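First comes the structure, then the notes that go with it.
The values are calculated or read from the model by the stated rules, or taken from the named source; none is laboratory data. Predicted, not measured: the structure shown is a model, and the values here were computed from it. Don't worry about glycine lacking a Cβ; one is built from the backbone with ideal geometry, like all the others, and counts go over all protein chains shown.
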Amino acid sequence: MEYLWWKHGVIYQIYPRSFQDSNGDGIGDLQGVIDRLDYLNDGTERSLGVDAIWFSPTFPSPMADFGYDVSDYEEVHDDFGDMATMDRLIAEAHKRGIRVILDFVPNHSSSQHPWFVESRASKESPKRDWYVWRDAKPDGSPPNNWIAAFGGPAWEWDQRTQQYYLHSFLIEQPDLNWRNPEVEARMHEVLRFWMDRGVDGFRIDVMDRVLKDPQHRDNPPQENPRIRALAQAAMQMHTYDQNWPEVIEAVRGIRRVTDAYPERMTVGEVAGTPEQIAHYYGGAALDGLHLAFNFPFTRIWDDRWIAERVRRSVDAFEAALPAGAWPNHVFGNHDVDRFSSRVNRDGRGHERARVAALMLLTLRGTPFVYYGEEIGMANTDIPEKMLQDPARFYSRGRDQERTPMQWSREDAFTTGTPWLPYGNLAVNVEQQRDDPASMLSLYRRLLWFRRRSDALRDGAYTPVDGLPTGIYAYMRLYGDDRLLTVLNFTNDPIAFELPASLHTTETLIGTHDLPAAAQSITLAGNEGRLLRLA
């Protein structure tokens, strides 16, 4: 097979503020990441074995939304270092075979970005049309009923110029106008700037909002009461400000830029049905995103951790993809509760997280691992006075899944006071590194086995029918490399016979002890196994 790092490898998300602090100010930084690169991949199976790292935003920012309000797209925030440190990080990562993905934020900038400052100066400003400005309705109200993602109207009145500007998120995050060719061209320059420095790809923030309805029609109300109860922004259907059909042309423009550089990639943050997500791949031409995030696993809570439901979501995404497109899977990120906490109602979240790891790393597609998942980090209860996330004023706060990486029982993340408090430091890298039964050891075994397995990297996905309720099983097949994953999503032991056509020869990796392969299988509660087939 032709090896493609973004397709056949494993991508590890780093939240820069929380990974490793090198200077004692309590905030993680790029030098800290450099210092920990050998943990991620030093070429030996003592390391985790990831193929790429994706950073949440590292650009200069007032930090109204912790970097997703960018004030300079072509620099590094002082908290994280400087451009020389970024260059050194890219070089050191590449020495270890680790690719580097930056978070690209094209939908909006900071209100302190020089572009917006100039745009706001007057209606005659050359940059006025770089953002979305509209007159008030005759009664002085906003141009339409759109609700911002964090709540409240998506329009802010500007007293000086007597118009509203659009902000799909915070007031401090005005939306850029991608219908202006100058804006699109300038953002393409940003991509080239970073690829010229050696960056290998981009995770594109809220790609599904970059173009909206040019008529700015009102969004219809959300009729589903369960969805309406989630947040203020969920009170309406985002028909006209999200997944607007024309957005695929902006995606194709970005793809043309990245295709001019060898082996670069894009992965977009998009939302919707499997069919809506698959649309971002570009149809039969596959000239859209290389990957569009597949988020159903990030929405799993206790009542959704059900074998049949999980299988349906995997099968639905597989069925929706255009021919030749590549899937991906992710259980956590900087915006959602940690998985082991989401499925911990009965205290067995850690057991379920082990099953989830086995599934994530054996399904067809690119796995994304959020920092700390490999040691089983959970949400951290944070006192009200220490909360940082501005989203907590509008909806669920996100600080609990952004706490410092737990390297040891000591506070090895920083010599100073961490910007957020630590979680349970008994869960740490140092303690798990030499424990063969630990979560970290499970992840390492899976990642390094995956590197050697054609079936896991590029094989077909075939679910197995006819098994008991609560069991999800699937084959991964590539030539003579034939593997079977079996997963028990329940708390109870389940015994079953494999179909006569499946003959197992070896138990390769498991969440529990490894019994000999057999046609009759008994899985303990919350147990998973990877087996070799004849």
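Of everything in the range 187-227 that is among the aromatic types (Phe, Trp, Tyr) and under 19 Å from HIS290 (Cα atoms), the residue that is nearest to the chain's Cα centre (by Cα) is PHE202.
Among the residues of the range 319-336, write down those that are of a type outside the set (Phe, Trp, Tyr), in a loop (DSSP other than H, G, I, E, B) and free of Cβ contacts under 8 Å to residues at least 60 places away in the same chain. Result: LEU321, PRO322, ALA323, GLY324, ALA325, PRO327. For the range 107-124, the count of residues that are over 21 Å from GLU184 (Cα atoms) and within 25 Å of the chain's Cα centre (by Cα) is zero.
State which residue is farthest from TYR474 (Cα to Cα) when the search covers only the range 357-385 and only residues that are modelled with pLDDT under 95 and part of a helix (DSSP H, G or I). Checking each candidate, the answer is LYS385. Restricting attention to the range 500-514, which residues are surrounded by 12 or more Cβ atoms within 10 Å (Cβ to Cβ) and either of a type in the set (Lys, Arg) or at pLDDT below 95 (or both)? LEU514, the sole residue that qualifies. Kindly evaluate GLY470 against the criterion of being touching a Ser or Thr at 6+ places or on another chain (Cβ under 8 Å) and on the phi > 0 side of the Ramachandran plot. Spelling it out, GLY470 is indeed touching a Ser or Thr at 6+ places or on another chain (Cβ under 8 Å) and on the phi > 0 side of the Ramachandran plot. Here ALA307, ALA353, ALA316, ALA323 are screened, and the one residue that is over 19 Å from LEU446 (Cβ atoms), hydrophobic (A, V, I, L, M, F, W, C) and touching a Gly at 6+ places or on another chain (Cβ under 6 Å) is ALA307.
For the range 2-93, the helices (runs of 4 or more DSSP H) that sit wholly inside it and include 1 or more residues that are free of Cβ contacts under 8 Å to residues at least 24 places away in the same chain are 30-35.
Taking interchain pairs and intrachain pairs at least six residues apart, which have beta carbon atoms under 9 angstrom, with the first residue in the range 135-146 and over 15 Å from HIS167 (Cβ atoms) and the second surrounded by fewer than 14 Cβ atoms within 10 Å (Cβ to Cβ)? The qualifying pairs are ASP135/GLN162; ALA136/GLN162. Output the residues belonging to the range 1-45 that are touching a strand residue (DSSP E or B) at 6+ places or on another chain (Cβ under 8 Å) and among the charged types (D, E, K, R). Across the range 1-45, the qualifying residue is only LYS7. Within the set GLU410, GLU430, the sole residue that is over 30 Å from GLY479 (Cα atoms), among the charged types (D, E, K, R) and at pLDDT 95 or above turns out to be GLU430. Number of residues in the range 1-26 that are crowded, with 21+ Cβ neighbours inside 10 Å and among the hydrophobic types (A, V, I, L, M, F, W, C) equals 5.
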